[in-house]
1. Report those strands (runs of 3 or more DSSP E) wholly inside segment A:241-321 carrying at least 2 residues which are over 21 Å from the mean Cα position of the chain (by Cα).
2. Report yes if B:N230 is open to solvent by 10 Å² or more (accessible area, probe 1.4 Å) and touching a strand residue (DSSP E or B) at 6+ places or on another chain (Cβ under 6 Å), otherwise no.
3. Could you tell me whether segment A:40-55 includes any residue that is outside the structural domain of A:Q209 (by TED's automatic domain parsing) and touching a Cys at 6+ places or on another chain (Cβ under 9 Å)?
4. Filter segment A:36-89 for residues that are among the polar types (S, T, N, Q) and facing chain B (nearest Cβ under 7 Å) and give the result.
5. What do you reckon, is B:E43 surrounded by fewer than 18 Cβ atoms within 10 Å (Cβ to Cβ) and under 29 Å from A:N155 (Cα atoms)?
6. Based on what the data block shows, is B:I240 open to solvent by less than 10 Å² (accessible area, probe 1.4 Å) and β-branched (V, I, T)?
7. Is it true that A:I300 is in contact (Cβ under 8 Å) with a residue 12 or more places away in the chain and open to solvent by 10 Å² or more (accessible area, probe 1.4 Å)?
8. So in segment B:12-22, with the set limited to residues that are in contact (Cβ under 8 Å) with a residue 60 or more places away in the chain and crowded, with 19+ Cβ neighbours inside 10 Å, which one is nearest to A:G158 (Cα to Cα)?
There are 2 protein chains.
Amino acid sequence: MQDRVLLAHGSGGQLSHDLINKKIVSAFGNPILDKLDDSAVFELTGNERLAFTTDSYVVSPIFFAGGDIGKLAVCGTVNDLSMSGAVPLYLSLAFIIEEGFLVTDLERIVNSICQVATEARIKIVAGDTKVVNQGSADKIFVNTSGVGIVPPGINISGANAKPGDKIIISGTIGDHGMAIMSQREGLSFSTTLQSDCAPLNHLVAEMLQESQCINSLRDPTRGGLATSLNEIAKQSEVGIEIQEQLIPAKDEVRGACELLGFDPFYVANEGKLIAVVAEEAAEGLVRKMKKQPYGERAVIIGQVCSQHPGRVVLKTPYGSSRILDMLSGELLPRIC
Amino acid sequence: MQDRVLLAHGSGGQLSHDLINKKIVSAFGNPILDKLDDSAVFELTGNERLAFTTDSYVVSPIFFAGGDIGKLAVCGTVNDLSMSGAVPLYLSLAFIIEEGFLVTDLERIVNSICQVATEARIKIVAGDTKVVNQGSADKIFVNTSGVGIVPPGINISGANAKPGDKIIISGTIGDHGMAIMSQREGLSFSTTLQSDCAPLNHLVAEMLQESQCINSLRDPTRGGLATSLNEIAKQSEVGIEIQEQLIPAKDEVRGACELLGFDPFYVANEGKLIAVVAEEAAEGLVRKMKKQPYGERAVIIGQVCSQHPGRVVLKTPYGSSRILDMLSGELLPRIC
């Protein structure tokens, strides 16, 4: 019989300590976490600006081609910090586990978190584990919050896009959403679809080394490229125009979208970023990004304009154009 | 028909924005949160030590005498920061909501969070909202993470207890756990039982003003007084002795414990703290605590000793003693 998580593992008592120490803390061991006090305490030097973010992950299935809920949770929070121009440093990790969850599955998730934390060079310094009765949650939910330092001189916000700026996407769109959906639907070609789930902090660091003329960064997760561009257009009170034929997407993603009736512009990504950058810096940034593993297919897809503030317009190859609204309604429940 | 949370409210698109802006962000509005970028960014001055903590809340029922899941989540995280001697500053707030949850209940929770955030003088600066299909979660789960500043000279840890130190408890034990349990069980006297759920940061600030000889602080939540004292004994490699007749508990809590077969030493508290302090500072600290609304019944209940390191011993009024172990097994699922 395989070990399962029991309600008692969430009691705060001896069994909680055993599970947490043996299965979780031992995996992430670092001097800050090892103290196991109520808060992690660490030093900062100088006059710092801090970035702070949180996300809960409820993706289903919890294991998918290209990742799992743990990797997703770390990447998501690392990326949210990176999108503020921050260097991610410390993450917290909170599990809500359904009674009966396999301990081996928890270990698999913890190991995956470990791997991607190492890659992203962040430390897990605080955590929490709750267990709920069978049927009160679906397998496992993960929350990661994170703090990072915003280096001096960096001022990146969805509100900073300016007319004339170029829009860069770091690679193909729709990979994460279609990997999840095709796995859920049991599509036969699902084996070639992989989530793009990846930590983008090193890519952003390289970009900032190339140029500080980066005005907005966004990772187009839930709601996809279209929703993220709408957020920037609204926050900055500018118009955005993108060229349909310039937007990279894998053939199998386009195929799965057609088959399932999705528009790739609205499908979630978990390892891509949108950068809004000064026109003169755009070409250099794309060259730099292409040398990075998570930026190989970086490309300029459009520009910011002063017309139609708050709106995103898609120019088709046939010369026509249509307004790309925010996602309305639910496209893909539990995609992240 | 009452408004309910739909799956589409978790899509990341237009409906998500509506729910988040109208029901959540508008309640907490502050310049840091209002930016709605991927991370909250704020400034720190000088060479600071930062405290960082996370907790998920899955309490059932979500509304209870003396509080609700929202108040509990804010107090829990404020208290975890306070137990490191930190001044809590910023909290993140992440909801996992079951499809069909009443929007009015969400508003009630958000209002309650607002109230206690105001009392604790902390700001909600980052957030996330996910919605899962009906049956995939039980109503609503809340995660709060928090950051605070540890003032210079403060060095509080579960590992700092020293033989000779006195143990102070800030008030009666078992209130939160028995309020929840009696409500679940529908006990007739449940109306007089109230959760002690409260933010303890102002109490800790007053204590630190009185004396910096505070070595350990802990809020005895899941696992209760006995488990928290065991954690301190183990982390500090010291023995702890407490006197049974000195430990304050309300009559109705003792009554409910007897009726339901619980030991109050293991029942959760959500507005109490244990302080391990230098002997010479203990009396002065208790006097100071008694003047604070959440410390009125503060009392010295025992001391740290060099015998039986890692163990907590309870001295009974009859002269006998017994070892108080950590909680083993689950006493009260979903108590917080």
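The values are calculated or read from the model by the stated rules, or taken from the named source; none is laboratory data. For clarity, every value in this text was computed on a predicted model and none was experimentally measured. Cβ placement follows ideal geometry from the backbone for every residue including glycine, while neighbour counts extend to all protein chains displayed. All accessible areas refer to the heavy atoms of the entire protein, side chains included, with ligands and DNA or RNA removed. Shrake-Rupley method; radii C 1.70, N 1.55, O 1.52, S 1.80 Å.
1. Filter on segment A:241-321 gives A:299-305, A:312-315.
2. In short, no.
3. yes
4. Across segment A:36-89, the qualifying residues are A:S39, A:T45, A:N47, A:T53, A:T54, A:S56, A:S84.
5. yes
6. yes
7. The answer is yes for A:I300.
8. Restricting to residues being in contact (Cβ under 8 Å) with a residue 60 or more places away in the chain and crowded, with 19+ Cβ neighbours inside 10 Å, the top hit is B:S16.
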